[in-house]
Amino acid sequence: MTFEIGDFNALRYALHEMCRRFSAELIPEDALFKIRLVADELLSNVLQHGGGRATLRAERCGDEIYLFVRGEKDFRPPETSVNADVYSERGRGLFLVDSFCEKRGYSEKDGVCVLIKIG
């Protein structure tokens, strides 16, 4: 499934619709939480830092979910994430993404790709 996202209202709709469709496939609630959190963080970063629109593509392959997030303007997050200082107001998002994913990568064609295990 693919969603085009231009603002935060479209982001909320895409997350809701993606989770609704995955829920219909009987994906457990804890996995849905991870999928939603990861997609939300990556898409929010693209909208905030990348400028322009974003595209979310979500695919299920057995007990794996692949999320592809691509910005209209190329947005490439750092390869390595670190947890922010306890007093920092920002900077924990990518660390959370990496803690819920089996792996995270980037390609010019697909943008950011993450793998989330659901089984």
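The values are calculated or read from the model by the stated rules, or taken from the named source; none is laboratory data. A quick note: this is a predicted structure, and the numbers were derived from the prediction, not measured. Cβ sites come from the backbone with ideal geometry, for glycine too, and all protein chains shown count toward neighbours. The area values use the complete protein model at the heavy-atom level, side chains included, leaving out ligands, DNA and RNA. Shrake-Rupley method; radii C 1.70, N 1.55, O 1.52, S 1.80 Å.
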_J(HN,Hα) series, the range 60-68, from Karplus relation 6.51 cos²θ - 1.76 cosθ + 1.60, nearest Hz, glycine and proline x_ = 9, 10, x, 9, 10, 10, 10, 10, 10
*Report the FRET efficiency, 1/(1 + (r/R0)^6), for residue 74 and residue 26, where r is their Cβ-Cβ distance and R0 is 35 Å, rounded to 0.05.*
0.45
*Would you be so kind as to identify which of 11, 39, 94 lies farthest towards the positive end of the dipole of the chain, taking Lys and Arg as +1 and Asp and Glu as -1 on Cβ and the Cα centre as origin?*
11
*For the range 97-105, take each phi angle, set θ = phi - 60°, evaluate the Karplus expression 6.51 cos²θ - 1.76 cosθ + 1.60, and give the result in whole Hz per residue in order, putting x for glycine and proline.*
3, 5, 6, 9, 9, 6, 7, 9, x
*To the nearest 10 Å², what's residue 106's accessible area with a 1.4 Å probe?*
60 Å²
*Under a plain spin-label model, where a point goes 7 Å from the Cα along Cα-to-Cβ, how far apart in nm are residue 9 and residue 103?*
4.0 nm
_Can you give me the long-range amide H partners of residue 53? Hydrogens built in the peptide plane at 1.01 Å from N, cutoff under 5 Å, separation of 5 or more residues or another chain._
72, 73
_Using a 1.4 Å probe on the protein heavy atoms, what percent of the accessible area of the chain belongs to carbon and sulfur?_
49 percent
*Where in the chain lies the longest segment free of trypsin sites (Lys or Arg not before Pro) that are both loop residues by DSSP (not H, G, I, E, B) and have at most 14 other Cβ atoms within 10 Å?*
1-72
_Calculated [θ] (222 nm, deg cm²/dmol) that DSSP helices of n ≥ 4 give over the chain, each run adding -39,500 (n - 2.57)_ = -11500 deg cm²/dmol
*Tell me which label goes with the value of Cα extents along the principal axes in Å computed from the coordinates here: [x] 52, 30, 16; [y] 47, 23, 20; [z] 37, 29, 26.*
[z]
